[in-house]
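The structure under discussion appears below in the form of structure tokens.
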Amino acid sequence: MKFIVIISGVLLATCAAGTATAQEAPVRTTIYQMFKDSVVTASSDAVYRIQRTQVAGRSQLDSVFYVASNRLYRVKTITWQPNGDTLTVVEGWRSNGQTEYVSHELGNKTHGEYRAYNTQGRLQKIAQFDHGKEQSAKCFSKTGALVSCNQYKYTEKLPEFPGGQQALLDYIGRTLRYPTAALKQNLQGVVKTAFVVAETGEVRCLQIKQGLWPELDAEALRVLASLPRFKPGQQNGETVPVYFTLPITFAIE
């Protein structure tokens, strides 16, 4: 799969006492992704924009932005160790500019200290991890008093179409126009589509997951592109992009 990169960098070489050494300058890259490890070509198809600064085999700094709102939501710093392990620090950011969490990782597992903060930037939880397993934790109220960690629950809300799910189905049925050529050939069936409701509520990243016929596929995409903004989804009080799949049925009555 092709992807967009913007690269600038040079290799600096110096010679001393007849021995050549090389010091590599950081390489800066812009990468667009729909979701994790799903690299796309255009920003219109992307959920995330990653500004990467990398020194190969030594370090990597990723500043990750939501494309729709251009909001920074995560900074990830990776350092390669001599034995090949990676030490990673991940900082999550809230929409109000406050830190949401700071996590440390060894390889792909949380390892070391983890800190979570509330919407006002006050410490909410501090924990110690050992290779992905939580060893100890302390949690705090809004006033800083120690409280039970059991009261902190992960919460999420799905995006909401104006008027609810039935209103979404009604909108699609009302807006859909059967292509004339498909009618003449009595073509019927289901077009499986996918899209992202961005953190702004905007519908983006339209896809045909399983097509039926070019004109019917194009009509399904046209209808999705016309959808009004949703009430965006949330995770722990922060608006987030959410991936949807939606079958659109074409039937001749």
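The values are calculated or read from the model by the stated rules, or taken from the named source; none is laboratory data. Small disclaimer: the values here were computed from a predicted structure and weren't measured. Backbone-built Cβ (ideal geometry, glycine too); neighbour counts: all protein chains shown.
Quick one: how many residues across the range 174-191 are in a strand (DSSP E or B) and touching a helix residue (DSSP H, G or I) at 6+ places or on another chain (Cβ under 9 Å)?
Initially, the range 174-191 is screened for residues in a strand (DSSP E or B), giving 189-191.
Subsequent filtering for residues that are touching a helix residue (DSSP H, G or I) at 6+ places or on another chain (Cβ under 9 Å) retains 189, 191.
Within the range 174-191, residues that are in a strand (DSSP E or B) and touching a helix residue (DSSP H, G or I) at 6+ places or on another chain (Cβ under 9 Å) number 2.
Output the residues belonging to the range 157-186 that are of a type in the set (Lys, Arg) and either over 28 Å from the mean Cα position of the chain (by Cα) or more than 26 Å from residue 239 (Cα to Cα) (or both). Steps first, please.
Taking the range 157-186 as the starting set, the residues that turn out to be of a type in the set (Lys, Arg) are 157, 174, 177, 184.
Within the range 157-186, 174, 177, 184 meet the criteria.
Of the residues 85, 130, 62, only one is assigned by TED's automatic domain parsing to the domain that holds residue 44 and among the acidic types (Asp, Glu); which?
Values: 85 fails: assigned by TED's automatic domain parsing to the domain that holds residue 44; 130 fails: assigned by TED's automatic domain parsing to the domain that holds residue 44.
So the residue among 85, 130, 62 that is assigned by TED's automatic domain parsing to the domain that holds residue 44 and among the acidic types (Asp, Glu) is 62.
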Discussion item. Tell me whether the range 66-87 contains one or more residues that are in contact with a Pro (Cβ under 9 Å, 6 or more places away or on another chain), modelled with pLDDT of 95 or more, under 18 Å from residue 24 (Cβ atoms) and surrounded by fewer than 16 Cβ atoms within 10 Å (Cβ to Cβ).
Written reply: no
Worksheet item: Does the range 175-182 contain at least one residue that is surrounded by 16 or more Cβ atoms within 10 Å (Cβ to Cβ), of a type in the set (Val, Ile, Thr) and either touching a residue at least 40 places away in the same chain (Cβ under 8 Å) or within 24 Å of residue 33 (Cα to Cα) (or both)?
Response: no
Worksheet item: With respect to the numbered conditions (1) closer than 30 Å to residue 99 by Cβ; (2) part of a strand (DSSP E or B), which one is the sole condition not fulfilled by residue 249?
Response: (1)
Worksheet item: Counting only residues that are over 27 Å from residue 239 (Cβ atoms) and surrounded by 18 or more Cβ atoms within 10 Å (Cβ to Cβ), how many does the range 88-124 have?
Response: 1
Worksheet, complete the sentence: Filtering the range 73-88 down to residues that are β-branched (Val, Ile, Thr) and either within 18 Å of the chain's Cα centre (by Cα) or not in a strand (DSSP E or B) (or both) yields 75, 77
Worksheet item: Checking residue 31 against (1) assigned by TED's automatic domain parsing to the domain that holds residue 140; (2) modelled with pLDDT of 95 or more, which single condition isn't satisfied?
Response: (1)
Item to complete: For residue 207, indicate whether it is surrounded by fewer than 19 Cβ atoms within 10 Å (Cβ to Cβ), closer than 30 Å to residue 116 by Cα and in contact with a strand residue (DSSP E or B) (Cβ under 9 Å, 6 or more places away or on another chain).
Response: no
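With in contact with a helix residue (DSSP H, G or I) (Cβ under 9 Å, 6 or more places away or on another chain) and in contact (Cβ under 8 Å) with a residue 24 or more places away in the chain as the only criterion, which of 152, 171 stands out? Show your work before the answer.
Details: 152 fails: in contact with a helix residue (DSSP H, G or I) (Cβ under 9 Å, 6 or more places away or on another chain).
Every option except 171 fails the conditions.
Could you check the range 93-146 and list, in sequence order, the residues that are of a type in the set (Lys, Arg) and part of a loop (DSSP other than H, G, I, E, B)? Spell out how you get there, then give the answer.
Here is the first cut: in the range 93-146, the ones of a type in the set (Lys, Arg) are 94, 109, 115, 122, 125, 133, 138, 142.
Hits for the range 93-146 are 94, 122, 142.
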Item to complete: List the number of the failed condition for residue 54; all other conditions in (1) surrounded by fewer than 16 Cβ atoms within 10 Å (Cβ to Cβ); (2) more than 26 Å from residue 198 (Cβ to Cβ) hold.
Response: (1)
